[in-house]
Amino acid sequence: MSEPVVGQRERRVAGRAAQPPSPGSVWRRPWLPYALLALPFAIYGTFVLYPLALTVRLSFYEWDGLTAPSFTGLANYVDLARDDTFVAALTHNGVFLIFYTVLPVALALGLTVLLTQEGAVRGLGVYRIGLFVPQVMPMVVVGVIWRWMYSPVDGAINELLGLVGIAATPFLGNAGTALPAVGLVASWVQYGFALVLFMAGVQSIDRSLYDAASVDGAGMWAKFRYITLPGLRGPIVVATTVSMIAALRVFDLVFVMTRGGPAQRTTVVAFEIYQRAFVLREVGGAAASATVLVVAILVLSRLVLRFQEAP
Amino acid sequence: MRASAGRRTARSYGTHVVLGLMMLVALFPLVLMWLTAFKSTGELATNPFGLPEQWRFGNLAEAWDQGSFGVYVRSSIIVVVPVVAAACVLSTLAGYAFGAFRFRGREVLYLIMLVGIMIPAEGIIVPLYYVIDGFGLLNTYWALILPQLALSTSFGSFWMRQFFAEAPGDLTDAAAVDGAGPLRTLWSVLLPLARPALGTLALLLFMWTWNEFLLALVLVQNEAVRTVPVGLSFFQGQYSAQVPLLAAAATIVSLPVLVLYALLHRRFIAGLAAGSVKA
């Protein structure tokens, strides 16, 4: 995920500092970097890498967390594939990809086109500050606010709809509306981030490209397709990767807003992991779910990062 | 000429209107939360969107007391401060090693360290519970500090490596000529330069640790050790009918991060955009 940034920097640094190989090489103490890394890796290894390896290992066992675990091979994965709730959870994560990634990125791109229609507009800093606020809010607070906003009793959205004569709807309680209702909250959190990234990206596109395109008679779409879109490749990849991972790992929002309900209509993989491991005590199944989550994140980020490297 | 300038201004108004609208949508729920936090439950039904008829600052105190937020804020501080401080130290060490030295296995070790940026806590929480239990640390502050520190060190190493890799080599060379060793150079030459990078890192880590939910929900059951976000989710369970109190509690929980953001928004935005590798 970090590769876009790292990759660019790496190349730049390599290009610039071609002669002196690395600052640290002036001291002939080959053991020193290892000594520096010892403590960070001890902590990171114990509390991230080791549990990660254990997640995969436990996924091949049946375990209630108390008695001795028994090796069952791929049985947990077979069970997951047959489990309607888990399949539903996975599907909901897929739907959330639309709300977390597709909608905000598309909306932000559309708005960014506006910004390319003219030269520098002054005073955009204020919007950046405002648009970014949802990014720094605790997700629990976001969930608490929106759960109330959707409430049929005194909820802001139903109050607003009431002004135009629409009857109050329990958005989070209805099987049909719960998932998009939670999803739209995610879109609300994400769009400002994408917009801020794209606004910054557009400013680094050479204005003369647009002027030249105008002279050549290029229309709005052509300018977007051949100047703006390629120019924003980096920010688009970053916004897509980040929001995609958020869509796959989502837990807080679902836990606070719906606990996966009604009737598991909003459950997601991370919520299933929590349920299985800490409520139902199906530790092996939970570990298998977590392994699926980790693999999904790694595979999808890899796929998106390919676009960064594409010409 | 004149006409063209006029058109530009018109378009510019359009941009301001659209961006302003987008900003309003982003801020509306939060502003509504703040206004609601000062209303009475009765007033909410009659005046959902307006300013409170009477600003009930007592709501904040009541939410604070009834939700035992004093306890949760204390816990959060006890967790956040060591995580941010220790993660900054560990990240500096690792970032220095990765950024300023060339050694066997550097690429591989760096890639391994980066795995932690992509892997969410959700992916490791199941065995983590048993690992923490094995150390006898469930229901202690350590249960929240150590995993969060480990995840933070992964991101921090990536962040600080960038700083050290870009730090001008002449500086280290000059320090070496003067006879300074690598640690002396780190301490007196590089770290003073690293202050902006470290500051932004500390800010991001503060935000992520303050907002952290899953670890605190799972690894700690004891109310005395519970942190603010989990405290709020329990508070919601009990007070969902008393919306103004709930809004007051949500305001309290988000206040520290929002105050920091108001003061240092430039760093937050630059940091999150550059470090947006972290979800």
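Key figures for this structure:
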| quantity | calculated |
| --- | --- |
| Dipole magnitude of the protein assembly as shown about its Cα centre (Cβ charges: Lys, Arg +1; Asp, Glu -1), debye to nearest 20 | 1640 debye |
| Gaussian network model of chain B, Cα within-10 Å springs - most flexible of B:ALA180, B:ALA249, B:ALA150 | B:ALA180 |
| Nearest-20 debye value, segment B:66-274 charge dipole, Cβ charges on Lys, Arg, Asp, Glu | 180 debye |
| Helix-only CD estimate at 222 nm, as mean residue ellipticity for chain B, using -39500 (n - 2.57) per DSSP H run (n ≥ 4) | -26500 deg cm²/dmol |
| C-alpha long axis of helix B:106-118 to longest principal axis of chain B, angle in ° | 10 degrees |
| Computed [θ] at 222 nm, helices only, for chain A once each DSSP H run of length n ≥ 4 contributes -39500 (n - 2.57) | -20000 deg cm²/dmol |
| Choice from A:ALA222, A:ALA288, A:ALA89 with maximal GNM fluctuation in chain A (Cα, 10 Å cutoff) | A:ALA222 |
| Spherically averaged projected area in nm², based on the convex hull that wraps the Cα atoms of chain B | 22.4 nm² |
| Convex hull of Cα atoms in the protein assembly as shown, direction-averaged projection (nm²) | 31.0 nm² |
| Where chymotrypsin sites (Phe, Trp or Tyr not before Pro) fall in DSSP loop in segment B:131-178, at most 16 other Cβ within 10 Å | B:PHE135 |
| Chain B: relative contact order in percent, alpha carbon pairs under 8 Å with at least 6 residues between | 31 percent |
| Cα gyration tensor, chain A - rounded (a/c under 1.5), prolate or oblate | oblate |
| Top positive-direction residue, dipole computed over the protein assembly as shown with Cβ charges, set A:GLY162, B:SER188, A:ILE129 | B:SER188 |
| Approximate spin-label separation A:VAL126-B:GLN221, in nm, with each point projected 7 Å along Cα-to-Cβ | 5.3 nm |
| Distance (nanometres) between label positions extended 7 Å along Cα→Cβ at B:LEU183 and A:ASP216 | 6.0 nm |
| Selection from A:MET139, A:GLY173, A:LEU114 lying farthest towards where the dipole of segment A:61-309 points positive, charges on Cβ | A:LEU114 |
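Each value in this text was obtained by applying a stated rule to the coordinates, not by laboratory testing. This one's a predicted model, so the numbers in the text were calculated from it and none came from an experiment. Here the Cβ is made from the backbone with ideal geometry for all residues, glycine too, and neighbour counts use every protein chain on show.
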